[in-house]
Each structure stands twice: as C-alpha cells, then as structure tokens.
Amino acid sequence: MAPRLFLGLILGIMGVYGKGDCESFFGALNSTDMLITVSDVDVFDGFPYANETFVHYAGPGSECISPAPPKGCHRYYRVTYSPDCLAISSGLLRPLSGTIDTQEIIDRASGVIKGCGEHVINWSQFCYGAPAEDPIKCNCP
C-alpha cells in the first residue's frame, strides 16, 4: 500500500473513532443545500512544516472525517461555495473526502477549490493540535 494512501487510511480511522463527530469540530456540514469543503493544509507535521493537504469533507454525500493532528498546530479551512462551483456542486469531488489531495485540487494557502475562488460564499479557519485521538484548539498561525 502506498505511504500516502496508508496515512490517509490511518488518519481516517483515527478521525472516526474515539472522539466527537466532524460537526463538533467544524459546525453543520451535512445539509444537502450546503456546498462545503473542509481541509487540513498542514499534513503531516503542522504549520509551518507541512507539505500536504488532507480533505476531511468534500460536499454533500461525502463522509466527514474528524481532525486527527499527529503533532503541531494544524489549520483546517471550511469553505462554502455557491452552486456555480461545478467541481463541488456536481459531486465530482466526493471521492476526495478522507484522502490526501495528491492532485492538488485544494489551494493550500486558502483551502479553496482551485478555479472556484469567485464562488466562495463563506470561509472560516479552525486550528487544532495533538493529541490525534482528542484534538485540542490551538492558536492559528
């Protein structure tokens, strides 16, 4: 199994078991009329050492994975889009939920789907740090 896929699986498992659900960390997500993504742009080691993005939620019909930061302070971006962002309104990104964004679809600087910046309705940032099994809020860098 490829290292990135294996890490995605581990982070996903840690995010599902032993702590609150996604909504307790990121707010309401599962309404069918809310086009939202949630991503951690500080995988693996937290800010400023991170170099990858983990997609925690990729819109209606996708599974949401609770945060599981192994070390450091991680920035989680919650972005709401208008239906004009076809990448999310079409459901094409749904399979990204619970995976590392190896195709770099999410902009790491903002958490916004590339090509959908003009369709952002709301943007918010949450920061959580270790331990992975019970993340705690940290000061956003």
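The values are calculated or read from the model by the stated rules, or taken from the named source; none is laboratory data. Here the structure is a predicted model, which is why all the values come from computation and not from measurement. Here Cβ is always computed from backbone atoms with ideal geometry, including for glycine, and neighbour counts include all displayed protein chains. All accessible areas refer to the heavy atoms of the entire protein, side chains included, with ligands and DNA or RNA removed. Shrake-Rupley method; radii C 1.70, N 1.55, O 1.52, S 1.80 Å.
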Test each condition in (1) of a type outside the set (K, R); (2) open to solvent by 30 Å² or more (accessible area, probe 1.4 Å); (3) within 12 Å of the chain's Cα centre (by Cα) for A58 and report the one that comes out false. (2)
Pairing a residue in region 116-131 that is closer than 15 Å to G72 by Cβ and among the hydrophobic types (A, V, I, L, M, F, W, C) with any residue that is open to solvent by less than 30 Å² (accessible area, probe 1.4 Å) and in a strand (DSSP E or B), where Cβ atoms lie under 6 Å and the two sit 6 or more apart in sequence or on different chains, gives F126/Y76; C127/C73
The one condition in (1) open to solvent by less than 50 Å² (accessible area, probe 1.4 Å); (2) modelled with pLDDT of 95 or more; (3) at positive phi that D40 fails to fulfil: (3)
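Does at least one position in region 49-64 carry a residue that is touching a residue at least 60 places away in the same chain (Cβ under 8 Å) and in a loop (DSSP other than H, G, I, E, B)? Before you say what the answer is, go through the steps one by one.
Here is the first cut: in region 49-64, the residues touching a residue at least 60 places away in the same chain (Cβ under 8 Å) are none.
No.
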Within region 89-105, of all residues that are more than 17 Å from P60 (Cα to Cα), in contact with a helix residue (DSSP H, G or I) (Cβ under 9 Å, 6 or more places away or on another chain) and not hydroxyl-bearing (S, T, Y), the one least open to solvent (accessible area, probe 1.4 Å) is I100
Report, by residue number, each residue of region 67-93 that is in contact with a strand residue (DSSP E or B) (Cβ under 9 Å, 6 or more places away or on another chain) and of a type in the set (D, E, K, R). K71, R75, R78
Do you know which residues across region 7-37 are open to solvent by less than 60 Å² (accessible area, probe 1.4 Å), more than 25 Å from D84 (Cα to Cα) and modelled with pLDDT of 80 or more? G20, C22, F25
When residues of region 75-104 are filtered for being without any contact (Cβ under 8 Å) to a residue 24 or more places away in the chain and among the β-branched types (V, I, T), how many remain? 0
Subset of region 113-134 (residues that are open to solvent by less than 40 Å² (accessible area, probe 1.4 Å), closer than 16 Å to L29 by Cα and touching a helix residue (DSSP H, G or I) at 6+ places or on another chain (Cβ under 7 Å)): none
S97 being of a type outside the set (K, R), farther than 15 Å from Q125 by Cβ and in contact with an Asp or Glu (Cβ under 7 Å, 6 or more places away or on another chain): yes
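So, in region 66-88, exactly how many residues are part of a loop (DSSP other than H, G, I, E, B), of a type outside the set (S, T, Y) and either within 12 Å of T37 (Cβ to Cβ) or open to solvent by less than 10 Å² (accessible area, probe 1.4 Å) (or both)? Quick ask: steps written out before the conclusion?
Going residue by residue through region 66-88, those that are part of a loop (DSSP other than H, G, I, E, B) are 66-72, 82-85.
Those still in the list that are of a type outside the set (S, T, Y) too: 67-72, 83-85.
Okay, now just the ones that are also either within 12 Å of T37 (Cβ to Cβ) or open to solvent by less than 10 Å² (accessible area, probe 1.4 Å) (or both), so 67-69, 85.
Matching residues across region 66-88 total 4.
Return the residue satisfying two criteria in turn: it lies in region 43-52 and is touching a Gly at 6+ places or on another chain (Cβ under 8 Å) and on the phi < 0 side of the Ramachandran plot, and of such residues it is most open to solvent (accessible area, probe 1.4 Å).
So in region 43-52, the residues touching a Gly at 6+ places or on another chain (Cβ under 8 Å) come out as 45-47, 49-50.
Filter once more, keeping what is on the phi < 0 side of the Ramachandran plot: 45, 47, 49-50.
On the way: D45: 61, F47: 90, Y49: 163, A50: 18 Å².
Of everything passing the filter in region 43-52, Y49 is most open to solvent (accessible area, probe 1.4 Å).
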